[in-house]
Structure formats: C-alpha cells, structure tokens
Amino acid sequence: MKRLVPFVIDAVLVIVFCLIGRRSHHEAVFPGLLSTLWPFGTGLLLGWAVALWRAADGEFTSALRHFDGRGLWPTGVVVWLCTLVAGMLLRVVSGQGTALSFIGVAATVLALFLLGWRAAWRALR
C-alpha cells in the first residue's frame, strides 16, 4: 500500500493540473475533465511503467518490492517527461490543441507538481 502513495500523489496532481487548465480557460471544469485528463493520465501511466522497467533491470519481481516512486532522479524526471511528451502527442492525435505556449506552461506546471513534491520530500528527509 505504501508503495502506491507516490503514484496516487502524481495522479492527484495531474488531475489538479487539468482542473486548473480548464478553469483558467473558463471551460466547464467537470463535464469536460475526462477529455483533458486522458492524454496526461495515459502519459503518467506510461511514465510509471518506464520508471518501473528501468528499475527492474531484468528482475521485475525484485524491482516491485524495492522500487521507490519518491525518487527525484531518475523516477521523477522519467514520470514528468513521459507525462508531458505522451500527453502532448496524444492531444495531437486526438485533435486537441498543443500551442507552443501551452507546451511551455504544461512543462513548467507538471515539473513543479511532479518534481516539486519529490524535491520537498528529499529536502525534508
């Protein structure tokens, strides 16, 4: 259960990112949330899968037991980059907007959220 907490934190923060984005564009927050969330949620899942795969190094069962999702490097960076890149690519494929300014804002906010809590965790340890 304790190993799921970092994933839950990431998931909640990606949801908050999407809620803030919808609200800042004066869009209906909850009715359209899923259409905004699914590309980044999928990217988040991919990021976690890649982070676990990197940690496994051929021993997936061992990696599941010893994997720590709170790590800033490489886990946090992998999760952040996958969430951002896959989220943007999926938005393009689904016909949603990906203006350059949005990519910059998304990169910054997702970094603040997904790397920020890990940095704070590390600083407080």
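The values are calculated or read from the model by the stated rules, or taken from the named source; none is laboratory data. If you're wondering where the values come from, they're calculated on a predicted model, not measured in any experiment. A quick note on method: Cβ atoms are made from the backbone with ideal geometry, for glycine too, and the neighbour counts reach across all protein chains shown. The area values use the complete protein model at the heavy-atom level, side chains included, leaving out ligands, DNA and RNA. Shrake-Rupley method; radii C 1.70, N 1.55, O 1.52, S 1.80 Å.
Hey, what D do you get for the range 30-102 in µm²/s if you plug the Kirkwood alpha-carbon radius into Stokes-Einstein at 25 °C and 0.890 mPa s?
Working: Rh = 13.3 Å.
Answer from the Stokes-Einstein relation: 185 µm²/s.
Helix 33-56 versus the longest principal axis of the chain: what angle, 0 to 90°, nearest 10, using Cα atoms?
20 degrees
Over the chain, average the accessible area per residue using a 1.4 Å probe and give it in Å², no decimals.
Numbers: 7590 Å² over 125 residues.
On a per-residue basis, 61 Å².
Roughly what percent of Cα-Cα pairs across the range 11-70 reach past 13 Å? Intermediate results must be reported in sequence, preceding the final value.
Working: 1162 of 1770 pairs.
Counting pairs separated by more than 13 Å, the tail of P(r) holds 66 percent.
State the percentage of accessible surface on the chain attributable to carbon and sulfur atoms; use a 1.4 Å probe and exclude ligands, DNA and RNA.
Working: 5430 of 7590 Å².
C and S atoms contribute 71 percent here.
Going toward the positive end of the dipole of the chain, with +1 on Lys and Arg Cβ and -1 on Asp and Glu Cβ, which of Trp121, Gln96, Ala56 do you reach last?
Towards the positive end, the residue furthest out is Trp121.
Restricting to Cα atoms and excluding each atom paired with itself, what does the Kirkwood estimate give for the chain in Å? It would help to have the intermediate numbers written out before the result.
Numbers: mean 1/r = 0.0667 Å⁻¹.
This gives a value of 15.0 Å.
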